[in-house]
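To keep things clear, I will list the structure first and then write my remarks on it.
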Number of protein chains: 4
Amino acid sequence: MATKQAFAVIAGVGPGTGAAIAKKFASLYSVVLLARSPASYEATAKEINEAGGTAVGFSADVQDEASVKNAFDEAAKKFAGQPLAAAIYNVGGVFVRKPFLEQSVDDFKLGYQTSVLGAFIFAQTALPHLLKSAKSSPALEYPPSLFFTGATGALKGSPYLQSFSPGKFAQRSLTQSLAKEFGPEGVHVSHLVVDGIIDTPKTKGWLKDGPEGNKIEPDAIAETYLALHKQPKTTWTWELDIRPYVEKW
Amino acid sequence: MATKQAFAVIAGVGPGTGAAIAKKFASLYSVVLLARSPASYEATAKEINEAGGTAVGFSADVQDEASVKNAFDEAAKKFAGQPLAAAIYNVGGVFVRKPFLEQSVDDFKLGYQTSVLGAFIFAQTALPHLLKSAKSSPALEYPPSLFFTGATGALKGSPYLQSFSPGKFAQRSLTQSLAKEFGPEGVHVSHLVVDGIIDTPKTKGWLKDGPEGNKIEPDAIAETYLALHKQPKTTWTWELDIRPYVEKW
Amino acid sequence: MATKQAFAVIAGVGPGTGAAIAKKFASLYSVVLLARSPASYEATAKEINEAGGTAVGFSADVQDEASVKNAFDEAAKKFAGQPLAAAIYNVGGVFVRKPFLEQSVDDFKLGYQTSVLGAFIFAQTALPHLLKSAKSSPALEYPPSLFFTGATGALKGSPYLQSFSPGKFAQRSLTQSLAKEFGPEGVHVSHLVVDGIIDTPKTKGWLKDGPEGNKIEPDAIAETYLALHKQPKTTWTWELDIRPYVEKW
Amino acid sequence: MATKQAFAVIAGVGPGTGAAIAKKFASLYSVVLLARSPASYEATAKEINEAGGTAVGFSADVQDEASVKNAFDEAAKKFAGQPLAAAIYNVGGVFVRKPFLEQSVDDFKLGYQTSVLGAFIFAQTALPHLLKSAKSSPALEYPPSLFFTGATGALKGSPYLQSFSPGKFAQRSLTQSLAKEFGPEGVHVSHLVVDGIIDTPKTKGWLKDGPEGNKIEPDAIAETYLALHKQPKTTWTWELDIRPYVEKW
């Protein structure tokens with residue numbers, strides 16, 4: 001089946017959304033996991049491979065063009081002749097939360113580098129592959145996708161978060177520009193605004209006093225990514241929000 | 001199976017999005033079709049029933065409380081004891097497109113009545129049923145949903161469209177207020193912004209000179225509604241946009 | 001001087017923003033005050049006239065076309081031959097704040113009627129005069145203006161406020177459509193989003209425990225309206241927000 | 001008079017908006033002009049000084065903390081004991097307009113560096129002075145202001161503009177975060193979205209075939225900055241848009 005013979009690349013695959021997306025897309029494609037350190041992707045790759053899927057991880061620093069290009073080249077070699085079905089940028093913005101006047105220029109750059117510079121480099125590296133997939137024959141079952149994980153901070157600024165929110169705003173702009181430029185070329189670009197706490201090992205103890213179900217399920221996020229990926233090109237979503245039923249907004 | 005024993009109500013089921021949504025939800029639920037005239041729902045109901053689903057249509061005027069209440073009462077009687085799984089307001093805004101100074105007060109009211117007054121009445125009638133479903137035991141497989149079809153005009157005003165866009169802005173506001181009020185009660189409220197020409201019998205000849213696939217497919221819209229309906233309550237989307245890959249925006 | 005020989009119409013002139021706008025514009029123009037009851041405009045008219053300005057009040061119901069048209073006709077007769085320099089719709093949205101399921105259809109219509117139906121009628125009545133002013137020779141010193149007072153509820157929906165916010169969203173849309181249609185004809189259309197409690201007799205006791213200056217000053221709002229009115233047509237603002245320095249948003 | 005004994009700093013003072021803002025604020029304050037090269041500010045400084053105002057220019061690179069800090073220190077020394085009344089960041093985003101896949105990482109960084117990194121550094125340097133002004137006694141006549149010039153690209157992404165728009169989105173976010181953090185401290189933070197071609201020597205020949213007045217007047221922009229600066233702290237605008245009457249949007 002055509003779809004099995006393609007691969008997907010997910011950048012940012014720590015335990016949580018990235019791992020869940022990788023597992024979900026592994027039901028359709030071979031998956032390539034990118035993270036700075038193997039520790040971030042090894043468990044997920046193992047889990048997918050043991051479940052009968054195909055996963056391979058590469059260490060890559062999304063802020064480093066050569067590093068990302070190298071990972072894509074390795075992946076293309078590994079899955080020679082297969083089209084790229086999806087490229088998903090799920091790298092969390094790294095930032096500091098502190099009073100503006102205590103933030104350093106380096107603090108400020110952190111959010112920029114992870115949220116938008118990395119997204120720029122990832123998009124530039126993935127797009128030639130995705131454009132080729134869009135024109136490939138026989139066509140993939142679903143249009144090639146370039147998806148980005150956003151956050152509440154992509155829509156509103158907040159005190160103490162100047163090293164986070166500007167990067168997320170910038171990433172959102174980037175995805176819109178890309179959607180408008182590459183949509184007509186057959187690449188589906190989406191921006192998913194995750195508004196709430198995601199249920200991960202790291203957040204296990206958070207919001208304990210709230211009602212049950214007050215954290216976002218990574219698997220359900222991944223299901224939403226997959227639903228967008230399956231949209232035909234006549235009917236594409238650029239942006240949606242995701243939040244728990246009890247979230248105030 | 002629990003999900004088969006529930007019903008969904010779709011208001012606005014002319015040939016196009018409404019019919020496609022009805023057919024899609026008929027794969028999970030019995031469906032109730034509301035339209036002003038039986039001519040709007042008969043063919044779709046017949047098609048669903050002949051395909052092994054269960055569909056029933058009622059004439060209702062969404063601007064008339066008693067009419068909508070009556071239709072829900074009839075539906076509740078027909079599917080006695082079953083929970084309401086989804087209520088979808090897909091009534092197209094009726095409006096005139098002409099210079100502002102040539103619009104009459106009645107022209108202006110048209111868009112308001114169809115886009116938002118009808119949505120208000122529909123929501124008020126559906127919500128007690130949906131709240132009951134949210135608390136029902138055994139629970140439905142998917143959280144009860146209250147969805148609304150929006151349009152580009154919900155996000156920006158345009159010349160000559162004063163009888164359309166204000167109603168759609170108002171509907172969008174209504175859906176957000178409802179999402180915030182009833183989300184914590186377990187009802188999933190969403191607003192889907194359809195931005196582009198939908199491929200229906202009426203638009204058959206439109207955009208003929210454009211590239212292939214430049215109209216939105218009703219079936220793919222319906223698939224997106226279904227994907228949102230399946231989101232667990234930890235991971236809900238309030239709003240998304242839908243447009244063809246070549247749409248300028 | 002040209003500007004003295006023109007008039008402005010302000011609808012919604014209770015004690016607060018409307019009265020402040022009237023007094024501010026009375027420094028440039030004769031002002032016409034519209035309100036449902038003379039009690040709403042008499043004190044302001046008197047104050048303006050005693051201070052050497054010219055003010056006249058007319059009773060009008062903004063939801064009633066004939067009533068608004070009659071008031072403009074009377075004003076045009078009173079200031080025969082003078083151009084209309086500004087028309088300002090400052091009618092507060094009337095609404096109820098209660099759980100959605102306790103709101104009646106009539107409650108819901110309240111906000112619509114005051115926030116947007118009235119605005120539609122006011123705009124339709126004022127625009128022929130404003131268009132004539134835009135083409136008048138010698139030109140007015142400042143472009144003719146059509147301004148609307150909006151609210152936080154024009155930008156976000158909230159629980160319990162379904163009878164308020166949809167009307168304000170709709171009004172916002174209306175103003176944008178009008179700005180796009182009549183801007184090129186020389187009429188400046190603006191929407192001012194007032195986000196916070198305005199300091200009026202009615203709100204005297206509110207927010208008493210907060211810091212000094214936590215309510216919006218009507219006179220400063222009026223100053224902002226005047227600043228927008230003075231913008232040349234090369235450099236127009238459609239929308240701005242106004243809030244106290246301590247407001248959370 | 002108190003206001004004469006204060007100073008304002010304007011960064012980005014080439015011929016156009018920056019020069020106009022400098023001249024406008026010179027009617028109230030001594031003004032400090034920052035630009036990378038003296039050629040950018042000399043003519044404006046001369047014009048202000050010859051007209052009886054006080055202007056002084058400093059070369060500064062807004063991307064370089066030390067350079068900006070040095071300029072503020074020099075200014076503080078020059079106007080010893082005077083409060084800073086306003087700091088205005090009007091540095092144009094530098095960018096390339098070309099297909100995304102032809103943009104380099106350095107191209108992409110350009111827009112970021114000028115639109116938001118520079119804004120961050122400028123804000124961090126100006127804020128301690130502005131906070132001191134906010135608490136100064138006797139108070140300044142108008143609250144100290146920190147204003148930023150934005151663009152259409154701050155609100156929507158566009159093809160080929162990935163090196164511009166993300167930086168402007170980020171800057172917008174930064175200004176909102178600052179407004180929320182420092183508004184309660186008495187500093188007025190605003191973001192002015194300039195949507196259209198500004199009438200400058202550089203754009204002299206642009207839009208020649210359009211109607212008269214289709215470019216934004218720098219002097220009128222400056223007047224709008226001044227109007228915002230004069231708002232009392234009870235009644236502040238964070239954001240407004242500015243465009244010519246004929247602009248499509």
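The values are calculated or read from the model by the stated rules, or taken from the named source; none is laboratory data. Keep in mind that what you see is a predicted model, and the values were worked out from it rather than measured. Cβ: placed from backbone, ideal geometry, glycine included. Neighbour counts: every protein chain shown. For the accessible areas, the whole protein counts, side chains as well, though only heavy atoms, and no ligand, DNA or RNA atoms are used. Shrake-Rupley method; radii C 1.70, N 1.55, O 1.52, S 1.80 Å.
Tabulated results
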{"item": "Fraction of accessible area attributable to carbon and sulfur, the range B:2-242 (%, probe 1.4 Å)", "result": "52"}
{"item": "Derived scalar couplings ³J(HN,Hα) [the range C:61-78; Karplus, 6.51 cos²θ - 1.76 cosθ + 1.60; whole Hz; x for Gly, Pro]", "result": "10, 5, 7, 10, 3, 4, 5, 5, 4, 4, 5, 5, 4, 4, 5, 5, 5, 4"}
{"item": "Binned Cα-Cα distance frequencies in the range C:75-132 - 10 Å width, integer %", "result": "21, 36, 23, 14, 7, 0"}
{"item": "Förster-model FRET efficiency, 25 Å R0, D:Lys132 and D:Arg97, C-beta, rounded to 0.05", "result": "0.05"}
{"item": "Whole-Å semi-axes of the ellipsoid equivalent to the range A:11-80 (Cα gyration tensor, √5λ, descending)", "result": "19, 14, 9"}
{"item": "Chain-alone versus full-assembly comparison, the range D:148-168, residues with accessible loss of at least 10 Å² (1.4 Å probe)", "result": "D:Lys156, D:Gly157, D:Ser158, D:Pro159, D:Tyr160, D:Gln162, D:Pro166"}
{"item": "Sites C:Asn70 and B:Ser104, calculated FRET efficiency, Cβ-Cβ separation with R0 22 Å, nearest 0.05", "result": "0.80"}
{"item": "Kirkwood Rh, Cα atoms: Rg over Rh of the protein assembly as shown", "result": "0.97"}
{"item": "Partner chain coverage, peptide D:101-113 - average Cβ within 10 angstrom", "result": "3"}
{"item": "Structure-based [θ]222 nm, chain C - -39500 (n - 2.57) summed over DSSP H runs of at least 4, per residue, nearest 500", "result": "-11500 deg cm²/dmol"}
{"item": "Cα centre as origin, Lys/Arg/Asp/Glu Cβ charges: chain A dipole, Debye", "result": "220"}
{"item": "Cα principal axis extents for chain A, largest first, Å", "result": "54, 37, 36"}
{"item": "The range D:6-128 - Debye-derived log10 I(q)/I(0), Cα point model, q = 0.13, 0.15, 0.17, 0.21 Å⁻¹", "result": "-0.50, -0.64, -0.79, -1.12"}
{"item": "Residue-normalised accessible area of chain B, expressed per residue, 1.4 Å probe, Å²", "result": "37"}
{"item": "Alpha-carbon Rg/Rh ratio, for the range D:189-249, with Rh computed the Kirkwood way", "result": "1.05"}
{"item": "FRET efficiency for C:Trp249 and C:Glu141, using Cβ-Cβ distance with R0 set to 45 Å, rounded to 0.05", "result": "0.80"}
{"item": "Accessible surface buried upon B-C contact (total; probe 1.4 Å; Å², nearest 100)", "result": "3300"}
{"item": "Lys, Arg +1 and Asp, Glu -1 on Cβ, resulting dipole of the protein assembly as shown about Cα centre, debye, nearest 20", "result": "0"}
{"item": "Teacher prompt: D:Thr203 distances to equivalent labels in other copies, 7 Å Cα→Cβ, nm", "result": "3.5, 3.6, 4.3"}
{"item": "DSSP beta bridges in the protein assembly as shown [antiparallel fraction, %, rounded to 5]", "result": "5"}
{"item": "Cα-centre dipole for the range B:42-81 with unit charges at Cβ (Lys and Arg positive, Asp and Glu negative), debye to 20", "result": "200"}
{"item": "Reduced Cα scattering model of the range D:137-216, Debye log10 I(q)/I(0), q = 0.27 Å⁻¹", "result": "-1.18"}
{"item": "Spin-label pair B:Lys202/A:Ser59, simplified geometry with 7 Å Cα→Cβ offset, distance in nm", "result": "6.0"}
{"item": "For D:222-231, mean number of other protein chain Cβ atoms within 10 Å", "result": "4"}
{"item": "Options C:Ala134, C:Val68, C:Ser158, ranked by Cα towards positive dipole end of the range C:66-162, top entry (Cβ charges)", "result": "C:Ala134"}
{"item": "Label spacing, shortest first and in nm, from D:Ala43 to its equivalents in the remaining copies (7 angstrom along Cα→Cβ)", "result": "5.5, 6.4, 6.8"}
{"item": "Nearest-first distances (nm) between copies at C:Glu102, label 7 Å from Cα via Cβ", "result": "4.4, 4.8, 6.4"}
{"item": "List of the range C:177-207 residues, accessible area with partners at least 30 Å² below that of the chain alone (1.4 Å probe)", "result": "C:Ser177, C:Lys180, C:Glu181, C:Pro184"}
